[in-house]
Amino acid sequence: MARKLSRLAEAKLIKERLASVGAAGNFQTASVARPQVAQFLASGFSNPYTRGALTGLAVLVVTMSAALLVTLGSAVVIFVAFRRQAPLLRARQQAIAAMCAQRGLVPGATHDDFPILGNFNDRQLTNSYSSRDHGLAVGDYIRPAGKSVELFSLLAFTVAGLNMPYVSVTRRGLGILMLGGPPTLELESIDFDQRFTVRAKDRRSAVMLLDPRLMQLLLDCADVNFDMVGDKALAYVNRAAEAAHRSSEPIELEMLLRFVDGFVARVPELLRSEYGATQ
C-alpha cells in the first residue's frame, strides 16, 4: 500500500510539472504534449535510473565480474601448468634429438615423409627428423579431435624391394590413425587375434608377412600399430593410451625404433620373392 501511495504521489508531481512546463510554452502545442505525457504515464514512470534498473545493472556487473574472474582463473591455471611442463617438454625434445642424432637423422621432416597419412599441415608435426635419403622419418603428430586433440608418435620407413598390398595391424581398444579399410582377418594365434585387429586387401600376403616371428615382435612392442602399402610403412603409438611414464622420457620413440629394426630383419624371403617390387 505504501509503495502504491508513493507511486500515486509521484504521478501527481509529474503531472503538475508537465502542466507548468506546458503553460510556460516549452511545448509547442497541447496536442503534441498530451500524447507524450500519456505515453510517459502509460509506461509506469519507468526510466533507466529507477531502483529496479539499478538493481539489474548491479546483477549484470556482478555476473560479468564473476565470468571475468573464472576466465582469469582458467588462464592462470593454464599458465602455471605450462610453466611446470615446459622443462619436461624441453627435456623430451633434447632426448629425442640425441636419439635421432645417433641414427643419423636430421631435423625437418615434413608431411611428405609420411605418405600413408596423406596431406596434412606441417604444423601438426613436432620433434620431426628424417634420414638424409628420407627412407626413415619420425615425429610427434597432433590431430584435432572435436574440442580436444589426439597425440601420436610416428615412424615412417621404407622396406626396399617390397610391393606389399595394403595391410594394417592395430591394437584393439586404442585410438587409431587410419579409419575403415579392407576386411578384417584372423590368424592362427588366439593370443594375437585377441590383442590385435588385422585388415588386409590381400589375405595371402598378410598371412605371409605376419608369421610367428613378426607376431611376437608386435606382442613384445606393446602399443605399436602399423600400416603398410607398397614399400612404405607407418608405425605409430597413440600417446594417450601408452603406459604411464615421465613425459620427458620418449619411450614411444624407443619402442618404435626397436620395432622397425625388428620388422625389417623379419620380413620373410618368400614374401620378398612373391611380392617384390618390379624394376
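For ASP112, the test of being in the same structural domain as LEU253 (by TED's automatic domain parsing) and part of a helix (DSSP H, G or I) is passed. Using the structure shown, decide if SER153 is among the small types (Gly, Ala, Ser) and over 16 Å from the mean Cα position of the chain (by Cα). When the stated conditions are applied, SER153 does not pass them. Right, GLY262: among the small types (Gly, Ala, Ser) and in contact with a helix residue (DSSP H, G or I) (Cβ under 7 Å, 6 or more places away or on another chain) or not? So GLY262 fits the description; yes. Residues that are of a type in the set (A, V, I, L, M, F, W, C) and under 24 Å from the mean Cα position of the chain (by Cα) within the range 96-133 comprise ILE96, ALA109, PHE114, ILE116, LEU117, PHE120, LEU125, listed in sequence order. Every condition in (1) in contact with a strand residue (DSSP E or B) (Cβ under 8 Å, 6 or more places away or on another chain); (2) modelled with pLDDT under 95 holds for ALA145 except the one numbered (1).
Residue by residue, here is whether (1) more than 15 Å from LEU256 (Cα to Cα); (2) in the same structural domain as LEU256 (by TED's automatic domain parsing); (3) part of a strand (DSSP E or B); (4) touching a Phe, Trp or Tyr at 6+ places or on another chain (Cβ under 6 Å) holds:
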| position | (1), (2), (3), (4) |
| --- | --- |
| ILE116 | yes, yes, no, no |
| PHE152 | no, yes, yes, yes |
| LEU155 | no, yes, yes, no |
| SER168 | yes, yes, yes, no |
| GLU188 | yes, yes, no, no |
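In the condition set (1) in contact (Cβ under 8 Å) with a residue 40 or more places away in the chain; (2) part of a helix (DSSP H, G or I); (3) within 20 Å of the chain's Cα centre (by Cα), TYR141 is compliant with all but (2).
The values are calculated or read from the model by the stated rules, or taken from the named source; none is laboratory data. Note that the structure is predicted; figures quoted are calculated from it, not measured. Every residue, glycine among them, receives a Cβ derived from its backbone with ideal geometry; neighbour counts consider all protein chains shown.
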